[in-house]
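Trainee: Before I ask anything, here is the structure I am working with.
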Amino acid sequence: MGVDLGTTFSAIAYVDARGQVKTIPNREGELTTCSAVLIEPDRTVRVGREAVRARSDRPDRVAINFKRDMGEKYYRESVGGKEFSPEALSALVAKKLAADASERIGPLAGAVITVPAYFGDARRKATQDAGRIASLNVLDIINEPTAAALANAFRQYLRRGGDATEFELAAIATTVPSTTLVFDLGGGTFDATIIHIEGERFDVLATGGEVRLGGIDFDARIVDWFCEEFIRRHGIDLRDSPESLAGIHSVCEMAKVTLSTREETVIVAERFGKTLHMPVNRRHFEEVTSDLLTRAQISVETLLEDTLLGWDRIDDILLVGGSSRMPMVTEMLSRISGKKPNMDQAPDEIVAHGAAIHAAIIQMHSQPPASVEKDGSRTLSTPEVGRESDGGAPPLPNLFDRKVIEATKRVEMINVNSHGLGVIVRDSRENQVVNSVVIPRNTPLPTERVKVFGTEAANQRIVRLRIVEGDTRDTRGCTQLGECVIRDLPEGLPKGALVEVSFRYDTSGRIHVRAVELRHGNVAEVDLVRDTGFDQVDLMRLRDAVSEIEVE
Amino acid sequence: MSLDWLDDPYGVFLDLPAGDRPPHHYELLELDIFCAHRERIAHAVRKQFRRIKPYQDHPDRETREAIQDVMTRIAQAAVALSDRERKETYDCELAERLGIDRERILASRMAVPLPEFALTVAAGPTNVGNVIELLTDSLVTVGRDPHCVIPLYSLRVGMLHGQLRYRDRRWWYRHMDKQRLTLINDERVTQKELESGDRLEVGGYVLCFWHIEEIRRESALDRPPITLIVTRGPSVPDAIYSARAPEYILIGECETSTWQLAGPQVSRHHCRILYEENRWIVVDLQSTNGTVVNGKRVGRCPLADHDVLTIGQFQVMIRVRK
């Protein structure tokens, strides 16, 4: 199962026994579900289009765009007079997706949840937590652009005449090595990632993006423009009440979507008996949002600069995310690259598809080969009893064709870290506290890096290392992930005694830090597991709370 | 936690000097005001973006919003300055807002002083008659390398033979090549301040350094160029040699000669060709084997078109353009 929890839309997909990827529609029959949560006074929770519709009359009961606040420890969204963490709200969306999906295809095994590649550690943890709170068996999280590239490669294979049932050696593999730029402009986040694909090997070369740039920012620009016009004509600000703001928001969003296919549309709004009909054409829309698109452009250009790649080395540009449908995105990319971006697959579902393929791959790896019959016929084995799995979710059933298993097992993915990792030290020359980056961003994982520092003062008995995420020397650009403390150093250690700090970052996101005082060998070690932002008690409490809630 | 940087994120995160907030686009991008260089603008945009972006995930919500504002501003600057029409509109507004004269600022930036001095190629295997005006803001390189400002194509010239540099309102020549030499007014130099009328010999080329005014006078001289072509003899670096303006060409076996004809029976300083009384003449410099014009040994003799000059084993055809 692959779950794409988007800022504005979410989707769920799975790989069927014959190796075909399918999006599972929700109960209302839509392939994507709006990431909006309505909480009724009787504590019924509704997720999806109905919640969006409810915004215009009961905006205080609806939560939207909470993905932007994911991983903020103290941030609580107030919905219907009650406080919710962004994780809990995301969990409700995930729960709705999972519930609708299991209604169609039966009980779910494990899920892979997607995150924007540019998400930092805290946001990743939060996303994983959201899945757990929704009682999903979270197998892994995967970067959205990687998922998209995976799904795209899979699809290209099928287009070349491959049959998913025949999943030969080259199953997902492309024949020629190629480098793809994945341009993912979604509802709330923007990711740009360069992936090199050779055979079954997916090498992420570099990733960049912005956590706060997406379709909703484009909507806000039209809203502001239209409201200013309304004030000019009628002297009334449409934004003065939440109801009216929500109303104008959905009208403007619709206008934006229309302008992707048509040159002109009309925005109509009414307030206190005053009406305004305002024609808006695509050129004007592009004008008021030009700086937003420019930001995406700058991100792409700096990414290419970082990787020292020219446009001639990029073979494909893959457009992902609903907002890439805006014609100006394609225009901008063709202008700066001289290439035609490729946008043939449903851009809202491709990420969920990739996650589903990734989930399938993980299941293959965890599957004991003995349970596959020799002749390769499809086996529907009984669930293994007593297998340990996260939180008592049902064990993974063995549902796949042997060839499917063989092929997907070969897939190898090399990821990079989207943010640097370092330790806070004092720079003796400047006498300033700085972040000394140990693993710079865009380093292929897994990796191990070592740096040596000197102690700050003579006779120091304790060395405290603050481990941070961030790319600047300036500590204000960093977030602390943990601490590693060497205690009980012998007396009389001179100033500048050497301390070796090594960072090991593995593919599952675990950071192992080891610090050694080199003369006496005092060691301190710490494991930073990207496990959870909550402590276990909170997590269980939230999970119980959410599982009691009926999501419709 | 003190959040004093919220007052001025531009100063704190981009190190911009105190000034208007928000800063105008050129201040924000740290460009000269009204800068019109497209590449420089694009580069500045990326540079500032790289500096601010690592802070976008700052744990404090308000700071994050301030960072977002700065990023939006940079993008707006990029939009406004990358398009010709938009930039024109923005520049006019900005000039009015700041009360400054845009035309004058642009004109003052354009005012690179006109060159006062020039080099002429007075004699040499190629490029004779060329005038190279010397721009004061540049380093003028002289050598065989085609990337030199003054490329001189002869094996006697070093890849980077020498360079001219403007310093303290004066032009200086500096010799660079280790194997070869430069003569200025017949003296071997490593470095010299140049004066109008100086004669530089660089690997067989004669370059004259002039004040612009004096070149006009010199070019007013009605002096026909002379070309010397080796028609028989051992091979030499420059088989064809021309001269237009110099007082003389020294021919000999020696390295310091203007036109080097290296071979037996050629004296170190064999003869000299100069312009006198409206004609080119050859003067023998008491060479061992003599200077012969049209088969006759001469001490001093005027030269006409198609005369044949014999110097040792070399036979040289004289061409004088009318």
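No lab work stands behind these numbers, since they all come straight from the coordinates. Here the structure is a predicted model, which means the values were calculated and not measured. Because the Cβ atoms are built from the backbone with ideal geometry, glycine has one as well, and the counts that use them run over all protein chains shown.
Trainee: Per residue of B:78-85, count partner chain C-beta atoms within 10 Å of its C-beta, then hand back the mean as an integer.
Mentor: Other-chain Cβ atoms within 10 Å of each residue's Cβ, averaged: 3.
Trainee: Taking the alpha-carbon set of the protein assembly as shown, what are its Rg and Dmax in Å?
Mentor: So, for the protein assembly as shown, Rg and Dmax equal 38.6, 127 Å respectively.
Trainee: Considering every pair of different Cα atoms, what Kirkwood radius, in Å, is found for segment B:1-97? Please list the in-between numbers first.
Mentor: Working: mean 1/r = 0.0717 Å⁻¹.
Hydrodynamic radius (Kirkwood, Cα pairs) of segment B:1-97 is 14.0 Å.
Trainee: Then there is this: If packing is taken as the mean number of other Cβ atoms within 10 Å per residue, what is the order of A:132-144, A:487-499, A:47-59, highest first?
Mentor: Put in order of decreasing packing, that is A:132-144, A:47-59, A:487-499.
Trainee: OK, next. May I ask you to list, by number, the DSSP H helices of chain B whose Cα span along the axis is at least 18 Å and whose average Kyte-Doolittle hydropathy reaches -0.5 or more?
Mentor: The answer, listed by residue number, is B:61-82.
Trainee: From the P(r) of segment B:127-204, can you give the percent of Cα pairs sitting at distances over 15 Å?
Mentor: 54 percent
Trainee: List A:HIS419, A:HIS284, A:HIS365 from most exposed to least, where exposure is judged by having the fewest other Cβ atoms within 10 Å.
Mentor: The order, fewest Cβ neighbours first, is A:HIS365, A:HIS284, A:HIS419.
Trainee: Under a point spin-label approximation (7 Å from Cα along Cα-to-Cβ), what is the B:ALA239-B:GLU214 distance to one decimal in nm?
Mentor: 3.7 nm
Trainee: Through the Karplus equation 6.51 cos²θ - 1.76 cosθ + 1.60, θ set to phi - 60°, convert the phi angles of segment B:171-180 into ³J(HN,Hα) values in whole Hz; use x for Gly and Pro.
Mentor: Computed from phi, the couplings for segment B:171-180 are 9, 10, 9, 10, 7, 10, 7, 7, 7, 10 Hz.
Trainee: What is the extension gain from B:MET176 to B:ASN127, computed as 0.36 nm multiplied by their sequence separation minus the C-alpha to C-alpha distance, in nm to one decimal?
Mentor: Numbers: separation 49, 0.36 × 49 = 17.64 nm, distance 2.17 nm.
Gain on stretching B:MET176 to B:ASN127: 15.5 nm.
Trainee: Residues in segment A:123-143 near a label at A:THR507, defined as backbone nitrogen under 18 Å from the 7 Å Cα→Cβ point?
Mentor: Counting backbone N atoms under 18 Å from the label point, the list is A:139-143.
Trainee: Using helices alone, what [θ] at 222 nm do you get for chain B, with -39,500 (n - 2.57) per DSSP H run of 4 or more residues, divided over all residues and rounded to the nearest 500?
Mentor: Result for chain B, helices only: -7500 deg cm²/dmol.
Trainee: Do the sum for chain A: with -39,500 (n - 2.57) for every DSSP H run of n ≥ 4, divided by all residues, what is the mean residue ellipticity at 222 nm, to the nearest 500 deg cm²/dmol?
Mentor: -10000 deg cm²/dmol
Trainee: Between B:ARG84 and A:ARG49, what is the spin-label point distance in nm, taking each point 7 Å from the Cα along the Cα→C-beta axis?
Mentor: For B:ARG84 paired with A:ARG49, the spin-label model returns 4.8 nm.
Trainee: I've got another one for you. For A:LEU528, which sequence-distant residues (separation of 5 or more, or a different chain) have an amide H within less than 5 Å of its own amide H, given hydrogens modelled in the peptide plane?
Mentor: A:ILE511, A:HIS512, A:VAL513
Trainee: Can you give the Rg to Rh ratio of chain B, both from alpha-carbon atoms, with Rh computed by the Kirkwood formula?
Mentor: Ratio value, two decimals: 1.26.
Trainee: If you don't mind, another one. Quick check for me: using +1 on Lys/Arg Cβ and -1 on Asp/Glu Cβ, what's the dipole size of segment B:174-322 about its Cα centre, in debye to the nearest 20?
Mentor: Computed about the Cα centre, the dipole is about 460 debye.
Trainee: Let me ask you something else. Could you please rank B:ASP168, A:ASP191, A:ASP237, placing first whichever residue has the fewest other Cβ atoms within 10 Å of its Cβ?
Mentor: Exposure proxy ranking, most exposed first: B:ASP168, A:ASP237, A:ASP191.
Trainee: Mind scanning A:LYS125/A:LYS339; A:LYS82/A:LYS125; A:LYS125/A:LYS340; A:LYS451/A:LYS495 and naming the pairs with a C-alpha gap bigger than 26 Å?
Mentor: Numbers: A:LYS125/A:LYS339 37 Å; A:LYS82/A:LYS125 24 Å; A:LYS125/A:LYS340 36 Å; A:LYS451/A:LYS495 18 Å.
In this structure, A:LYS125/A:LYS339; A:LYS125/A:LYS340 lie more than 26 Å apart at Cα.
Trainee: Summarise the partner chain shielding of B:48-56 as one whole number: the mean count of Cβ atoms from other chains within 10 Å of each residue's Cβ.
Mentor: Rounded to a whole number, the mean comes out at 6.
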